[in-house]
Amino acid sequence: MDYVEKINSELIPKIDKELNKTVIDLFAGCGGLSLGFEAVGFKTIGYEKLKDATETYNRNLEGQCFNQELSTETIYPKADIVIGGPPCQPFSVGGKQLGLNDSRDGFPIFLSAVEQVDPEVFLFENVRGLLYKNKWYLKEIIDRLESLGYKVSFSLLNAKFYGVPQNRQRVIVMGAKERIQFPPKYSYTVTVGEALGELASQIPENAKFLTPSMDKYIANYEKASKCVNPRDLYPDRPARTLTCRNLAGATGDMHRVRLPDGRRRRITAREAARLQSFPDWFEFAGNETGVYNQIGNAVAPYFAFNLAKEIKEYFQKDYQSKDYPLKDENNQLLLFNEPEKLH
């Protein structure tokens, strides 16, 4: 089964009545994380403040997403799992490291939801910086979660090792009454060529080609950033990380396709969705820029699918939990540079 067939057939929302577990998805965006969970049979309830992203979620998923800005006072329904990608801005201008006291940060909301709902399992994802220069903040978060009685697992995972044709590193933190393990890596990676297929050689309607001035700007950008290879998409390898900036904006590091005749064009929203592992049937609401932003902000659904499968297994009676130390003798987090070092 090729990549496109796989995401189109496996990432189908469904509710497993025998499993009978409900997920609350905070900061749900367009539903990438929820789609992965629904594809293994969980029922989802989403919360998202952006109207177009909420509409996208409700247009494609079985669960309902509420168009609502969350706070630490929000009341949630009963659920078995709480998931989300909290926006993280604990570092204000001037170096004030306010952590959980920073009003711009989403983690207090996530933590209050876990405390209120008291789920059996929680999961959140965030950028890799949380595991390195901001590890003091990760420790603060984990300490709070452990105080609620959870055993917490965390690791830096790259979506390219889980069936997504993109280098996309994210910190994944999971907690439950017993330690949850992370899914094993795939023995292969999916390339851009496999993901885009015939789309990469086509000229779509309203294609946006790079102009000579843009080519010059990009050449100067790549020279200044000491870029060895042009930042075009290469069919024989996974893509670079997709972000709002390099999808929605005409920047020096924008994602672009080089056509057989040598011309380069910006990738379309559907191509970006393929690289994020959204199925072709998934429809986005909103204007072009908004759609690019929804895709760039999303958790890759097939990556979420692999995480959700591990959590589903946790709920099976024969789940074999393993306990791993996360702290040293000085009560400091053991932070590793290699993905999946904990398992």
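Observations on the model:
- Qualifying position, being outside the structural domain of Thr44 (by TED's automatic domain parsing), over 16 Å from Gly249 (Cα atoms), under 12 Å from the mean Cα position of the chain (by Cα) and outside any helix (DSSP H, G or I), among Phe278, Phe284: Phe278
- Residues of segment 90-116 that are at pLDDT below 60 and surrounded by 13 or more Cβ atoms within 10 Å (Cβ to Cβ): Pro90, Phe91, Ser92, Gln97, Leu98, Gly99, Leu100, Asp102.
- Residues satisfying the stated conditions in segment 173-197, i.e. in contact with a strand residue (DSSP E or B) (Cβ under 9 Å, 6 or more places away or on another chain), farther than 24 Å from Leu233 by Cα and of a type outside the set (A, V, I, L, M, F, W, C): Gly175, Lys177, Glu178, Arg179, Gln181, Pro183
- For Ile180, the conditions (1) among the hydrophobic types (A, V, I, L, M, F, W, C); (2) touching a residue at least 12 places away in the same chain (Cβ under 8 Å); (3) not in a loop (DSSP other than H, G, I, E, B) all hold with the exception of (3).
- Hits in segment 101-160 - residues which are hydroxyl-bearing (Ser, Thr, Tyr) and in contact (Cβ under 8 Å) with a residue 40 or more places away in the chain: Ser112, Tyr132, Tyr137, Ser153, Ser155
- Residue in segment 271-282 that is loosely packed, with under 15 Cβ neighbours inside 10 Å and modelled with pLDDT of 90 or more present: yes
- Of everything listed in (1) touching a strand residue (DSSP E or B) at 6+ places or on another chain (Cβ under 9 Å); (2) in a loop (DSSP other than H, G, I, E, B), the single unmet condition for Arg265 is (2).
- When the helices (runs of 4 or more DSSP H) confined to segment 1-85 are screened for residues that are modelled with pLDDT of 95 or more and within 26 Å of Tyr150 (Cα to Cα), those reaching at least 2 such residues are found at 32-38.
- Close pairs (8 angstrom Cβ cut-off, 6 or more residues apart or separate chains): within 17 Å of Gln294 (Cα to Cα) in segment 243-256, at pLDDT 90 or above and part of a loop (DSSP other than H, G, I, E, B) anywhere: Asn246/Arg240; Asn246/His255; Leu247/His255; Leu247/Ile267; His255/Leu233; His255/Arg240; His255/Leu242; His255/Ile267
- Taking the numbered list (1) touching a residue at least 12 places away in the same chain (Cβ under 8 Å); (2) over 24 Å from Ala272 (Cα atoms) in turn, Thr56 passes all entries but (2).
- Subset of segment 143-169 [crowded, with 16+ Cβ neighbours inside 10 Å and over 20 Å from the mean Cα position of the chain (by Cα)]: Arg144, Leu145, Tyr150, Lys151
- With a requirement of 1 or more residues that are of a type in the set (D, E, K, R) and either modelled with pLDDT of 95 or more or touching a helix residue (DSSP H, G or I) at 6+ places or on another chain (Cβ under 8 Å) (or both), the helices (runs of 4 or more DSSP H) lying completely within segment 185-253 that satisfy it span 192-196, 244-248.
The values are calculated or read from the model by the stated rules, or taken from the named source; none is laboratory data. A quick note: this is a predicted structure, and the numbers were derived from the prediction, not measured. Please note: Cβ atoms are built from the backbone with ideal geometry, for glycine as well, and neighbour counts cover all protein chains shown.
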